[in-house]
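Please read the structure below before turning to the comments.
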Amino acid sequence: MADPKGFLNFTRELPGKRDSAVRVEDYKELYVEFPEEKTNQQAARCMDCGIPFCHNGCPLGNIIPEFNDAVHREEWGEAYEILSSTNNFPEFTGRICPAPCEASCVLGINQPPVAIEHIEKSIVENAFEKGLIRAKPPTLRTGKKVAVVGSGPAGLAAAAQLNKAGHSVTVFERNTRPGGLLRYGIPDFKLEKWVVERRVSLMEAEGIRFQVNANVGVDIDANELMLDYDAVVLCGGSTVPRDLGIKGRELKGVHFAMDFLDQNNKRVAGDEIDPATALLATGKNVIVIGGGDTGSDCVGTSNRHKATSVTQIELLSKPPEERAASTPWPNWPMMLRTSTSHEEGCDRHWAISTKEFVGDGNGNLKAIKLVDIKWEKDPSTGRFTFNEIEGTERDIPCELALLAIGFLHPQLEGMLEQLTVEVNERGNVKDNKYQTNLENVFVAGDMRRGQSLVVWAISEGREAAKAVDEFLMGSSMLEGKDDSFLLTTA
């Protein structure tokens, strides 16, 4: 363990953030430098807690107390060795993971939890800085070829693991650059894209091929791909957004959140955007419908566009300020969360239903009709339902409405239809330990489990890679978790 009295001597401390008035002028990451000595102190707070619940909280099963101890001893190389044994991309999770491990930290029962996410990022960036992370192509190739469809976190993790096993891996990406959600869905102020490019370049140096502008199911026949490769891994994500089919949905100014974020990330990367299709919040009253992380990203982006006002509304009731009794430790706590985007300026409202998008008579959005609601439990079914509160209906000025209300399932047209893979009742690809109904076709990430976290996508990619390796070779030396762990944390 680290310092036996560390949790008594030090309290939780994180890197400071750039002033919100300054950071909304650019798309750079938010945090300022944090002295290494302070990171060592944060690692020292990790206790010898007997049963490290943080392991179970982490979808990757990161060996957290051990890398904390190594950081405290300033053995950074050892810390990276431990961390990278379970996590292919700690530079991603150290920046954008909501850190379920911290919610399960034993110290968090009655104190602020250990700053695990910050320590993770510090380990990997120290390793890059010291040259500990370099291309390591496999010494032997198996002669097997694997196609990975989708270059998001699940696809990248699957590709990295399969290449490590010695297979020849090609990653197919329908967009113009690799990275998937990491590149096109997450704003640069949370994850600058040089971080993604650095990792992709490393993977290319290790022998992984990336084929972009390659839309499998459209540009490339999916069945031909299945014949050309010994195995195919589907990592296309959950990309069909949940819509809001109310009056006025067709008005100009109502858009899916991911279309807004995707376009802005391309704009920040220097891509030319057709003025006729440009989605900009500049000078507009913006209402973000949906209270989750995607909605928060829309808030931060709208602030950088210099929106006149930014409002975020949520159908559910306002969460409690502290951990709710219904989600006791070590569960992920139901509680109010305020993001850095909210700190930059945003009106937030809960228990509100959107009734209508109101037009100006020329096809443009000018307002949204809202109504307050009250949630009540149905005694006969035990389910919660809501009723509108009489007299609260009103129109709110709005020229840009962004739907950030989640995703339904992967795109069924094209690749999945061509392959005739089976899907379940939710529309996700059906599998048996990552293998679909087609013997040499596997699936991982949101396409399999539904909309989830980046850390879960990485875990899924690793597990699918192990399953593919076993299919191709009869056994696998790749690291993985047993099925019982997956079942208890899914």
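Quick look at the numbers
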| quantity | calculated |
| --- | --- |
| Selection count where residues are modelled with pLDDT of 95 or more, over 16 Å from the mean Cα position of the chain (by Cα) and assigned to a loop (DSSP other than H, G, I, E, B), scope the range 78-110 | 4 |
| Selection from the range 333-356 of residues that are farther than 22 Å from T301 by Cα and in contact with a Gly (Cβ under 8 Å, 6 or more places away or on another chain) | E356 |
| Single residue of L279, L261, L336 found to be outside any strand (DSSP E or B), out of contact with any Leu (no Cβ under 8 Å at 6 or more places or on another chain) and closer than 22 Å to K366 by Cα | L261 |
| Any hit, the range 244-267, residues being assigned by TED's automatic domain parsing to the domain that holds A154 and on the phi > 0 side of the Ramachandran plot | no |
| Residue check, G77 in contact with a helix residue (DSSP H, G or I) (Cβ under 8 Å, 6 or more places away or on another chain) and outside the structural domain of E344 (by TED's automatic domain parsing) | yes |
| Qualifying positions in the range 397-451 - within 18 Å of D243 (Cα to Cα) and of a type in the set (G, A, S) | A401, A404, G406, G427, G450 |
| Odd one out for D297, checked against (1) part of a loop (DSSP other than H, G, I, E, B); (2) buried (at least 17 other Cβ atoms within 10 Å of the Cβ); (3) acidic (D, E) | (1) |
| Members of the range 6-19 found to be at pLDDT 95 or above, surrounded by 15 or more Cβ atoms within 10 Å (Cβ to Cβ) and not charged (D, E, K, R), listed by number | F10, P15 |
| Tabulated pairs, the range 232-245, first part of a strand (DSSP E or B) and surrounded by 24 or more Cβ atoms within 10 Å (Cβ to Cβ), second at pLDDT 95 or above and aromatic (F, W, Y), C-beta under 9 angstrom, 6+ apart or interchain | V232/F442; V233/Y434; V233/F442; L234/F442 |
| Any hit, the range 140-147, residues being buried (at least 22 other Cβ atoms within 10 Å of the Cβ), in a loop (DSSP other than H, G, I, E, B), outside the structural domain of V468 (by TED's automatic domain parsing) and out of contact with any strand residue (DSSP E or B) (no Cβ under 8 Å at 6 or more places or on another chain) | no |
| Candidate set from the range 191-223 (those that are among the charged types (D, E, K, R) and in a loop (DSSP other than H, G, I, E, B)); member that is nearest to E173 (Cα to Cα) | D219 |
| Some residue of the range 55-63 being more than 17 Å from the chain's Cα centre (by Cα), more than 17 Å from E460 (Cα to Cα) and either modelled with pLDDT of 95 or more or assigned to a loop (DSSP other than H, G, I, E, B) (or both) | yes |
| Cβ pairs under 6 Å, 6+ apart, first in the range 307-328 and assigned by TED's automatic domain parsing to the domain that holds I287, second of a type in the set (G, A, S) and in a loop (DSSP other than H, G, I, E, B) | A307/A281; T308/G283; E314/G291; S317/A351 |
| Among (1) in contact (Cβ under 8 Å) with a residue 40 or more places away in the chain; (2) in contact with a helix residue (DSSP H, G or I) (Cβ under 8 Å, 6 or more places away or on another chain) - the single one L202 does not satisfy | (2) |
| Single residue of the range 471-490 satisfying the filter (modelled with pLDDT of 95 or more and closer than 28 Å to E417 by Cβ) that is surrounded by the most Cβ atoms within 10 Å (Cβ to Cβ) | L472 |
| Test set (1) in contact (Cβ under 8 Å) with a residue 12 or more places away in the chain; (2) within 20 Å of D293 (Cβ to Cβ); (3) out of contact with any Leu (no Cβ under 7 Å at 6 or more places or on another chain) - A401 fails condition number | (3) |
| Close pairs (9 angstrom Cβ cut-off, 6 or more residues apart or separate chains): over 17 Å from A157 (Cβ atoms) in the range 431-452, of a type in the set (F, W, Y) and in a loop (DSSP other than H, G, I, E, B) anywhere | N440/Y229 |
| The one condition in (1) surrounded by 24 or more Cβ atoms within 10 Å (Cβ to Cβ); (2) in contact with a Lys or Arg (Cβ under 7 Å, 6 or more places away or on another chain) that L191 fails to fulfil | (1) |
| M226 vs. criteria at negative phi, assigned to a helix (DSSP H, G or I) and touching a residue at least 60 places away in the same chain (Cβ under 8 Å) | yes |
| Candidates A457, A467, filtered to the one that is assigned by TED's automatic domain parsing to the domain that holds L181, in contact with a strand residue (DSSP E or B) (Cβ under 7 Å, 6 or more places away or on another chain) and assigned to a helix (DSSP H, G or I) | A467 |
| Strands (runs of 3 or more DSSP E) completely within the range 345-386 that count 2 or more residues being assigned by TED's automatic domain parsing to the domain that holds G291 and in contact (Cβ under 8 Å) with a residue 60 or more places away in the chain | 352-359, 365-377 |
| Out of P59, P100, P90, sole residue that is free of Cβ contacts under 8 Å to residues at least 40 places away in the same chain and either touching a Phe, Trp or Tyr at 6+ places or on another chain (Cβ under 7 Å) or crowded, with 23+ Cβ neighbours inside 10 Å (or both) | P90 |
| Number of the exception - A278 against (1) at pLDDT 95 or above; (2) crowded, with 16+ Cβ neighbours inside 10 Å | (2) |
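The values are calculated or read from the model by the stated rules, or taken from the named source; none is laboratory data. Predicted, not measured: the structure shown is a model, and the values here were computed from it. Every residue, glycine among them, receives a Cβ derived from its backbone with ideal geometry; neighbour counts consider all protein chains shown.
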